Structures are given as structure tokens and as C-alpha cells.
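Asks: Can you read through this structure? Questions will come right after.
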Amino acid sequence: MEVQLTNRQQHILWATVRHYIATAEPVGSKALVEEYDLGVSSATIRNVMGVLEKSGLLYQPHTSAGRIPSDSGYRIYVDQLITPSEILAKEVELALQKRLHWEDWSLEAILQGAAQILATLSGCISLITMPQTNTAILRHLQLVQIEAGRIMLIVVTDAYETHSRLMDLSPAKEETQPEPEVIDHELQIVSNFLNTHLRGRSLLELATLDWSELDQEFQRYGEFLKSSVAELTRRTLAPTTTQIMVRGVAEVLRQPEFSQLQQVQTIIHLLEEEQDQLWRLIFEEPEMEEMGKSKVTVRIGAENPLEPIRTCTLITSTYRRGLLPVGSVGVLGPTRLDYESAIAVVAAAADYLSEAFS
């Protein structure tokens, strides 16, 4: 259920979250009076904090203690009460431009360097996935008759990788089957047609083509082409790597939220041994975005589906080649983190890598 807050309630929630992020100590009304110009008395602040607690946005870790934000409180803070730091975003962009050497380094070294910069500037564990090969671009397509009724579709990508699919050709409606030479000629015409219209597109785009554009005289090839390309697309969409560049673990695990050894061990196990699970979470392919700033996803606490990080916040964004997502940038930290900075860091890094890859 959506919580509607007055301006005063929003201001006091903002101050409470901000103070807790800075101190890691439960927040009382006296601290807010001393540190923030809220323009109200301590008694008024206590009353408002009580309302926020009843709304599920704050809670007391133990009796007579101050209050700390809940996951729901952080959610409102992130969605309604803050703006990502433009100053830090520019700092991230300049650091990446200055310290990464695209001419001299391998791609893996570049992403490792970017991950280290993100970890340093955000104070969080940084996560950057290697780019996925399912963004291959079609360089050439050829239809070849192997034998009567059997056709092979051959696709060559921009990386000169070859993929093929062998299928039965649907029989013609007329009683008399065309001669093999006629079929060869038709296949060449269809191949030329497809190369003209599809060359330079990614294999991902082939899954959404409007096949009605095919000429009616080649309609019997339609189902074959659909199923063939769909099969090739399914194969190429399967991720070939789940490698994630991880930096900043030691510093983050010194935070008071990670004082329990078992919790630390489960997080490290996830980062080192179960990257495939983490990869599927941080590389959720969004809808095609318009060119411009990257969309940032913030998962707070229990919003994370993976048990080891359900007390953490995961902030991610995709980096793209053109409009096509090829990898992800993210930071992982306690729910008590500097959201203004962390969101800005992730967005700036994703934008930088998108520009570099494009």
C-alpha cells in the first residue's frame, strides 16, 4: 500500500535516514534538532517519528532506542526524497576517462580497472559483467539446398563466427515440385533479399522481425525461416560467460552490518562461487531504452531475491552498444549507504561504458 506523507513527515524521514547513514546509530529527536534545521520542536519530531514508525517506515531495534529506517523507509527516501549527485557523476566520468587505457589494455583489464574505480568512489562492492556475445551482428546469411527438401541456413556474424541450422523445407502447395535448380535460384534470391534487409542488425533483433515483408512468392519459406532464426537466436542468447569483475569486498565487510561471520561467508560465497545466480539478477535485460541516460535499478533489502543479500542494497544499470544491453554495472552494500552517491556512480559508469562500446 502506498504511503502518503506530508511535507513535514517527508523532511523528518529524510533527516532520519540521512543521519542514520552517516552514524550507523539509531536516531532520536534530539539528534535531529541539533543537526538539522527542521523548524519544529523535539516533541513534534518525536510525534512525527512515531507516525512514521506506525507506517512501517521506521522501527526501533530495541526498547528506548532511537529509530532506524526500514526497507520501506529507504524506498521512499530513494524514490521521492533525493537526487543523485551530479558532482560525483562527473568525477566518476573523469576518473574513468583518465585511468582507463583502451588502446593498451585488454577488455578484461579495462573492466577490472573500472570496477576498482567504482569501489573506491562508492565505498561499496562493485560488480561489472563481461559483455555478452548474444549481441553479435549479422554479417552474411545464406540459404543452401543440401538435398531434396532439405535446406541449411548459414549465418556469419561480425566476429566471423558461423552458425547453421538444417531443416526440412515445407512442401509446395502445387502438386509438381520445382526442379532443384529452380529452388537453388529462389534460395539465392531470398538470401540476397534477407542480406539486403538484415545485414548489420543484431541477432537479438531477428526475433522481432515482421516476416510479412517477405514476398508472397516465397511464402513457403516463411515458417522455415522463422523457426530457423528463432532457433539460432535461442542459441546465441544463451550467455557464454557469467564472469563478473568484483572489487571492494574487504572495505565493505568492515561495516557494522556485516559483523556476523556467517553473513560475511554467505556473501563471499555468492560473489565467488555462485556468480551465475548473481549474473541473472544484475543482467535482467530491460526494455529497449531510448538513447540517453542509463536507467538505474535499486533493490533494497528484502527486494533482493537472493537470500545472502537480502540485508543489502544492490544498485545496477546496463551498459549498451547502441540500444542493445551488453553488460551490467552495479554496486552492493548495506542498506545503510549513501544512495545519492551510489546511484550517481552506477549511472555514470554505465553511461561511460555505453559510449565506449558504441
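Asks: Within the stretch 239-260, is there a residue that is among the polar types (S, T, N, Q), closer than 21 Å to LEU118 by Cβ, modelled with pLDDT under 80 and not in a helix (DSSP H, G or I)?
Replies: If we filter the stretch 239-260 for residues that are among the polar types (S, T, N, Q), which is where we start, we get 240-243, 255, 259-260.
If we keep only those that are closer than 21 Å to LEU118 by Cβ as well, we get 241-243, 255.
From the residues that got through so far, the ones that are modelled with pLDDT under 80 too are 241-242.
From what is left, the residues that are not in a helix (DSSP H, G or I) are 241-242.
Looking for residues that are among the polar types (S, T, N, Q), closer than 21 Å to LEU118 by Cβ, modelled with pLDDT under 80 and not in a helix (DSSP H, G or I), one finds at least one in the stretch 239-260, hence yes.
Asks: Shifting gears a bit: Tally time: how many residues in the stretch 89-136 are in a loop (DSSP other than H, G, I, E, B) and of a type outside the set (A, V, I, L, M, F, W, C)?
Replies: The qualifying residues number 7.
Asks: So, in the stretch 304-346, exactly how many residues are in a helix (DSSP H, G or I) and within 23 Å of HIS19 (Cβ to Cβ)?
Replies: 7
Residues are listed down the side, and each one gets a yes or a no for (1) farther than 14 Å from ARG336 by Cα; (2) exposed (fewer than 15 other Cβ atoms within 10 Å of the Cβ); (3) assigned by TED's automatic domain parsing to the domain that holds ILE21:
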residue	(1), (2), (3)
HIS62	yes, yes, yes
GLY66	yes, no, yes
PRO69	no, no, yes
VAL92	yes, no, no
GLN97	yes, yes, no
GLU103	yes, yes, no
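Asks: Still on this structure, please answer the following. Being surrounded by 15 or more Cβ atoms within 10 Å (Cβ to Cβ), among the aliphatic types (A, V, I, L, M) and in a helix (DSSP H, G or I) is the requirement here; does ILE76 meet it?
Replies: Values: surrounded by 15 or more Cβ atoms within 10 Å (Cβ to Cβ): yes; among the aliphatic types (A, V, I, L, M): yes; in a helix (DSSP H, G or I): yes.
So ILE76 passes the test.
Asks: Okay, next question. Any idea which of GLU53, GLU35, GLU103 is touching a His at 6+ places or on another chain (Cβ under 7 Å) and free of Cβ contacts under 8 Å to residues at least 24 places away in the same chain? Break it down into steps so the answer makes sense when it comes.
Replies: Values: GLU53 fails: touching a His at 6+ places or on another chain (Cβ under 7 Å); GLU103 fails: touching a His at 6+ places or on another chain (Cβ under 7 Å).
Exactly one of GLU53, GLU35, GLU103 is touching a His at 6+ places or on another chain (Cβ under 7 Å) and free of Cβ contacts under 8 Å to residues at least 24 places away in the same chain, namely GLU35.
Asks: Assess whether TYR160 counts as being in a helix (DSSP H, G or I) and among the aromatic types (Phe, Trp, Tyr).
Replies: no
Asks: Turning to a different aspect of this structure: Mind listing just one residue for me: the one in the stretch 148-180 that is modelled with pLDDT of 85 or more and farther than 22 Å from SER202 by Cα and, of those, surrounded by the fewest Cβ atoms within 10 Å (Cβ to Cβ)?
Replies: ARG150
The values are calculated or read from the model by the stated rules, or taken from the named source; none is laboratory data. Predicted model, so just to flag it, every value in this text is computed and none were measured. Positions of Cβ are backbone-derived with ideal geometry, glycine not excepted, and every protein chain shown enters the neighbour counts.
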